[in-house]
Number of protein chains: 2
Amino acid sequence: MRIGEVARRAGVSTRALRYYEEQGLLTSERSPSGQRTYPESAVERVRMIQQFFTAGLPSRTILRILPCVDTGHGSPEIFELLAAERRRITAAMEDLAAARDALDRVVDMANHPTPEHCPALREPAWAPYDGAEATEVPTGPSRATALHA
Amino acid sequence: MRIGEVARRAGVSTRALRYYEEQGLLTSERSPSGQRTYPESAVERVRMIQQFFTAGLPSRTILRILPCVDTGHGSPEIFELLAAERRRITAAMEDLAAARDALDRVVDMANHPTPEHCPALREPAWAPYDGAEATEVPTGPSRATALHA
DNA sequence: CTAAAACCTGACGTTGGCGTCAAGGGCAAG
DNA sequence: CTTGCCCTTGACGCCAACGTCAGGTTTTAG
């Protein structure tokens, strides 16, 4: 299998695959003409790599984990690394949950304008912020709708 | 309150606070000599900003959310933005859970060196990931069956 | 045979949330 | 007055996972 098919099937760019190889995360055979050739298992390997990247693991960490995946065993240091990353992930999930709840609180506050749930109405602390400056952001007052997230 | 105390109490650097101000996320009065002065509420505000950053919200998005926090109401676009970010966060949590489970599988694999549980030595896939929908999604895989309530 | 894909190797660009000097000003204590 | 700590603006550095362009080769379809 050549690089393009792996990329399509794994849902990444060919650039990413070459980058993974550069980082030592992925190996490839070469055809006589120099083109990369991959086994079927590469697709899954790439998906796993992607999963780890998505979870915020840096490539160097993944590089240390993958041999353990390949061989099926690892040193105590690797186990500690795995445990540490697991803790990091758990902490990140808690942070995300907290931020999500914060967003929910914002929505609730906007839906129920009661002073009890609305610190902005209790204290005039950040209140002098509202009018002139907060609506327009960087340059030129003429751009109304350039927003598309 | 001056910048140093806000920084200490909010657990960020003074550089970060100046950066927030530069991005329009935080305002300050100035003393006659030009030093920044903050109200008590700034500490809480900074913590909220940090929480959003930790959750992966870019500063421009936070910039659009904060006025809603301040005033207690927002336009429909803001509500859609909040909803979209909430979905992003939920998806990110699912990705994290999937990666965590992948790590757990690595550990299990290393603890039980039986070929049945060792995909590196066998054929079958080792993730609840099915390659069926691997057609074309360039930005971030975030598909996971409901494993979180 | 030819033209379009697909592939190759560099190599520079991007993005964001700061860190980190650099060079100076303000202000209380001794 | 001077020491020392905190503050100011400005500007460059950084890191990581690629995107993207350039310029050339290989494979494939017609």
Under the Karplus relation with 6.51, -1.76 and 1.60 and θ = phi - 60°, whole-Hz ³J(HN,Hα) for region A:91-97, x at Gly and Pro, equal 4, 4, 5, 5, 4, 5, 4
One finds, for residue B:9 and residue A:5 with R0 = 41 angstrom and r their Cβ-Cβ distance, a FRET efficiency to the nearest 0.05 of 0.15
Reduced to Cα centres, the span from region A:51-101 to region B:1-42 in Å works out to 35 Å
Of all GluC sites (Glu not before Pro) in region B:10-71, the ones in DSSP coil with at most 15 other Cβ atoms within 10 Å are B:40
Note, residue B:3: beta-carbon cut-off 9 Å, +1 each Lys/Arg, -1 each Asp/Glu, net +2
Copies of residue B:14 compared via label points 7 Å along Cα→Cβ give distances in nm, shortest first, of 5.2
Trypsin sites (Lys or Arg not before Pro) in region B:1-101 lying in a DSSP loop, each with at most 13 other Cβ atoms within 10 Å of its Cβ, come to B:2
For region B:3-71, the charge dipole (Cβ of Lys, Arg +1; Cβ of Asp, Glu -1; about the Cα centre) points to a positive end, and the Cα of B:68, B:48, B:31 closest to that extreme belongs to B:48
If every Lys and Arg gets +1 and every Asp and Glu gets -1 at its Cβ, then about the Cα centre region A:1-98 yields a dipole, in debye to the nearest 20, of 340 debye
Shortest first and in nm, the label-point separations between residue A:30 and its counterparts in the other identical copies (7 Å out along Cα→Cβ) come to 6.1
Residues whose modelled amide H sits under 5 Å from the amide H of residue B:37, counting only those 5 or more places away in sequence or on another chain, are B:29, B:30, B:31
Cα convex hull volume per residue for region A:3-74, in Å³, equals 90 Å³
Shortest first and in nm, the label-point separations between residue A:80 and its counterparts in the other identical copies (7 Å out along Cα→Cβ) come to 5.1
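Any read-out appearing in this document is the output of simple, stated calculations on the displayed coordinates, not a laboratory observation. Just so we're clear, the structure is a prediction, and the values are computed from it rather than from any experiment. Positions of Cβ are backbone-derived with ideal geometry, glycine not excepted, and every protein chain shown enters the neighbour counts.
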